[in-house]
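**Student:** Just dropping this structure here.
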Amino acid sequence: TGISENTTDGVSSKQIEPTEMTGSAANSATVYEGEHTLVVSDQKAGLAVVTSMVALSKSGWVAVHEETEEGGMGNILGARRFSEGKYFGAAIDLLRGAEGGNTYYVVLHGDDGDGIFDFEKEKPVADSGGNLIMETFIALP
C-alpha cells in the first residue's frame, strides 16, 4: 500500500491509499542527518495542504496525517516527494479533504528512491536528537 507517482505527457498523477500509523510503525523513525525543516500554518479546510516552507538536505516524502481520537498520528491522507532543496508554498494533494476544526500532522518520511510512497518502508524521519521532523496545523472552517 502507498502512493505511486507517474508522469505521462507532462501530467503528473498520484495513487494514494489511506494508511493508519499505529504501534511500531508510528514509533519507529529513520534518522536524517543535516538540516530539514517543515513549516505549515493553520489553513482553510480543503483537498490540499499548502506548506509555508519545506527545506531538505536529502530527498523525502512529506505526508499529511489526520489526528486520531487519542491525539496521535493517524491515517495518511496524502504525500508528496520533495528533492533536496527549499520549497515555498508547495501543495500536498489529499485523498479526502481536511475537515474544519480538526488537527493534522505534516510529517517528513524517508525516501528509498523508487518514486512510490510506502509508509511501511519510508518511516517518519527524526532529527539527530530523536525528534520527529513534523508540524501540526488546524484546518479552519
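The values are calculated or read from the model by the stated rules, or taken from the named source; none is laboratory data. Note that the structure is predicted; figures quoted are calculated from it, not measured. Here Cβ is always computed from backbone atoms with ideal geometry, including for glycine, and neighbour counts include all displayed protein chains. The protein model used for the area step is the full one, side chains on, heavy atoms only, and it has no ligands, DNA or RNA in it. Shrake-Rupley method; radii C 1.70, N 1.55, O 1.52, S 1.80 Å.
**Student:** Condition first: assigned to a strand (DSSP E or B) and farther than 16 Å from Gly46 by Cα. Now tell me which residues in region 76-87 satisfy that.
**Tutor:** Arg80, Arg81, Phe82, Gly85, Lys86, Tyr87
**Student:** Considering only region 58-102, how many residues are small (Gly, Ala, Ser) and open to solvent by less than 30 Å² (accessible area, probe 1.4 Å)? I'd like the intermediate steps shown before the answer.
**Tutor:** Residues of region 58-102 that are small (Gly, Ala, Ser), as a first pass: 59-60, 63, 71-72, 74, 78-79, 83, 85, 89-91, 97-98, 100-101.
If we keep only those that are open to solvent by less than 30 Å² (accessible area, probe 1.4 Å) too, we end up with 59-60, 63, 72, 74, 78-79, 85, 90, 97-98.
Of the residues in that region, 11 qualify.
**Student:** Pick out the one residue from Glu5, Glu20 that is at pLDDT below 95, surrounded by 13 or more Cβ atoms within 10 Å (Cβ to Cβ) and more than 18 Å from Met134 (Cβ to Cβ). Even if it seems obvious, please write down each step before you answer.
**Tutor:** On the way: Glu20 fails: more than 18 Å from Met134 (Cβ to Cβ).
One residue alone meets the criteria, Glu5.
**Student:** A further question on this structure: Write out, first by first residue and then by second, each pair whose Cβ atoms fall under 9 Å of each other, whose residues are 6+ apart or on separate chains, and whose first residue, in region 94-108, is of a type in the set (Ser, Thr, Tyr) while the second is exposed (fewer than 14 other Cβ atoms within 10 Å of the Cβ) and part of a loop (DSSP other than H, G, I, E, B).
**Tutor:** Matching pairs, first to second residue: Thr103/Gly71; Tyr105/Gly72.
**Student:** Can you name every residue in region 50-75 that is of a type in the set (A, V, I, L, M, F, W, C) and either touching an Asp or Glu at 6+ places or on another chain (Cβ under 8 Å) or part of a loop (DSSP other than H, G, I, E, B) (or both)?
**Tutor:** Initial filter on region 50-75 (of a type in the set (A, V, I, L, M, F, W, C)): 50, 53-56, 61-64, 73.
Passing the criteria: Ala55, Leu56, Trp61, Met73.
**Student:** If I filter region 32-49 down to residues being assigned to a loop (DSSP other than H, G, I, E, B) and among the hydroxyl-bearing types (Ser, Thr, Tyr), which single residue comes out as farthest from Leu140 (Cα to Cα)? So that I can check it myself, show each step before the final result.
**Tutor:** First pass over region 32-49, keeping only residues assigned to a loop (DSSP other than H, G, I, E, B): 32-36, 40-42, 45-47.
This time we only want the ones that are among the hydroxyl-bearing types (Ser, Thr, Tyr), so: 32, 41.
Values: Tyr32: 32, Ser41: 10 Å.
Among residues in region 32-49 that are assigned to a loop (DSSP other than H, G, I, E, B) and among the hydroxyl-bearing types (Ser, Thr, Tyr), the one farthest from Leu140 (Cα to Cα) is Tyr32.
**Student:** If Gly113 satisfies every condition in (1) open to solvent by less than 30 Å² (accessible area, probe 1.4 Å); (2) part of a loop (DSSP other than H, G, I, E, B) but one, which is the exception?
**Tutor:** Result: Gly113 passes all but (1).
**Student:** Within region 116-139, how many residues turn out to be under 17 Å from Tyr32 (Cα atoms), open to solvent by less than 40 Å² (accessible area, probe 1.4 Å) and outside any loop (DSSP other than H, G, I, E, B)?
**Tutor:** Count: 3.
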